[in-house]
Amino acid sequence: MIPTNVQSFFYQVPWRSASVHTGEHLGLQRGPGDEFSKHMSLVDYPDARRVDLRQTLRDPYEQVQVRVFKQEASSPLYAVCDLSSSMQFVGQVSKHETVQTVAAAIACSAHENSDLFGMICYDQRVIPALTQAPSHHAHQSFATIAQLAAFHNHHQASDGIIEATGWLGQQKGLVFWISDFHMPLSLIARGLNGMSNHQVIPIVLWDPYEYQRLPRFGFGNLQDPETGQQKTIFFRQAIRAQFAEQFAQRKQALDQLFATFEIRPLYITGPFQASLLSDYFEQLIH
């Protein structure tokens, strides 16, 4: 059962699914769909409901011809969730809670469209208790997502993304990689290479309190979420500008990296709304 407060979004799969399971996307399998594929003889495809009289009369070999259609098929959707220490940051919103909200929206959208939903959570390694294989079971999906609320992490890096890519199925799907991407660019590139069989949508969670809404003047403590080390910094205008510039440079580097994989990221800097993903897919179409 899908929770009443979960939002769904529009998405579209731009490839033909090879799945044998019925869904909402263009497929490769023959079946009871609406997309015409070809004509075949009744002997080769014995379905009298599909007899085409006009084509039968035209057939020089006088064989009864039937219309063959392609079945609409399902595709898997994955939420790949970064639960490393930096994702425990709470500013304008909680990154950890946003991960849960985004994952729930992906699960809701998948189940509404008869698609499969899978989730892979990781920090230093994949977290099996918060990971599930793609399935049509909505209750299982939301039960697994609900367990995210009780998860807490300290001083764990995000190297588990390399292992996480091995948990993705062979069937091509949409992979929503949810992270703040505060990790080495080389690690991100390795993760993207591991997901190359799929269409990846990086959902970048940044918070204004990380780089914009810093103390205006005076001493303040900053903690490195990956190592736990604290620094005392005397904030002034120049330091605030330096933080903003570092994030601007980081965004440019991320954009360039994603562009080499022909991927467009979605940056979320406030509360998540499912319409943001709808707009994302609308722009991909046009």
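What follows draws every value from the coordinates through simple rules; no lab data is involved. All of these numbers come straight from a predicted model, not from anything done at the bench. With ideal geometry, Cβ positions are generated from the backbone for all residues, glycine too; neighbour counts draw on all protein chains shown.
General observations
- A Förster distance of 41 Å, applied to the separation of the beta-carbon atoms of Ala189 and Thr4, puts the FRET efficiency at 0.55.
- Coordinate range along principal axes, alpha carbons of the stretch 105-155, Å, largest first: 38, 18, 14
- The modelled label-to-label distance for the pair His136/Gln92, using points 7 Å beyond Cα in the direction of Cβ, is 4.1 nm.
- Net charge contributed by nearby residues that have their C-beta within less than 15 Å of Val102 (K/R +1, D/E -1): -4
- Put simply, when 139-145, 88-94, 109-115 are sorted by average Cβ atoms within 10 angstrom per residue, most first, you get 109-115, 139-145, 88-94.
- A simple packing score, the average count of other Cβ atoms within 10 Å per residue, orders the peptides 44-55, 253-264, 165-176 as 165-176, 253-264, 44-55, with the highest score first.
- Spatially proximal aspartates and glutamates relative to Lys38 (Cα-Cα < 18 Å; intrachain offsets below 8 disregarded): Asp47, Asp52, Asp59, Glu62, Glu72
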